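Structure, as structure tokens:
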Amino acid sequence: MAKLLIVDDELDVREFAANFFRKRKIDVLTAGSGAEALSIFDKENPHLILLDIKMDSMDGVETLKRLKEKDKNAKVVMVTGKKPEEDESFKQCKQLGALDYIHKPLELDELEKIVMGLLSKIGR
């Protein structure tokens, strides 16, 4: 079964996305911070990570850097409230190896297309 880690400091966003993917038979893990995400990543080795860019304490850019230090092949999709062309941190994320981005507020069609598409390529 595919394993997805959702990292967002907003509980409602995290749970909304988690429930959406659980209904699609995905094993979902959640983290409310970058530090928690790194800890879960070490223990669970998820196939794909949905990572919010804007978080308190450790933001998504720093979290992505640390994930890639642990495993350069980590598969990460960034979640942002800004358009990528308006967001300097998104450019950094692409350079660090983020696969794609999803725009907030989350649109279910986009979320499903990007995440399910990547999970099918990664292999279950």
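The values are calculated or read from the model by the stated rules, or taken from the named source; none is laboratory data. Since this is a predicted model, take the numbers as computed values, not measurements. Using ideal geometry, Cβ is built from the backbone for each residue, glycine included, and neighbour counts are taken over all protein chains shown.
Taking the conditions (1) surrounded by 16 or more Cβ atoms within 10 Å (Cβ to Cβ); (2) without any contact (Cβ under 8 Å) to a residue 60 or more places away in the chain; (3) more than 14 Å from Leu5 (Cβ to Cβ) in turn, Gln95 satisfies each one other than (1).
Kindly indicate whether Val13 is under 14 Å from the mean Cα position of the chain (by Cα), over 13 Å from Val77 (Cβ atoms), at pLDDT below 95 and of a type in the set (Val, Ile, Thr).
yes
Applying the condition of being of a type in the set (A, V, I, L, M) and in contact with a strand residue (DSSP E or B) (Cβ under 9 Å, 6 or more places away or on another chain) to the range 103-124 and asking which residue is surrounded by the fewest Cβ atoms within 10 Å (Cβ to Cβ) yields Ile122.
Tell me, yes or no, whether the range 51-67 has at least one residue that is part of a loop (DSSP other than H, G, I, E, B), modelled with pLDDT of 95 or more and closer than 23 Å to Lys121 by Cα. No, the range 51-67 contains no residue that is part of a loop (DSSP other than H, G, I, E, B), modelled with pLDDT of 95 or more and closer than 23 Å to Lys121 by Cα. Residue pairs whose Cβ atoms lie under 6 Å apart, separated by 6 or more positions or on different chains, with the first residue in the range 43-61 and touching a residue at least 40 places away in the same chain (Cβ under 8 Å) and the second part of a loop (DSSP other than H, G, I, E, B) and not small (Gly, Ala, Ser), are Leu48/Lys75; Asp52/Asp8; Met55/Asp9; Asp56/Asp9; Gly60/Ile53.
Here the condition is being among the aliphatic types (A, V, I, L, M) and within 15 Å of Ala98 (Cα to Cα); of Ile53, Ile26, Ile40, it holds for Ile53 alone.
Of the residues making up the range 33-50, those that are crowded, with 16+ Cβ neighbours inside 10 Å and either touching an Asp or Glu at 6+ places or on another chain (Cβ under 7 Å) or assigned to a loop (DSSP other than H, G, I, E, B) (or both) are Ser33, Gly34, Pro46, His47.
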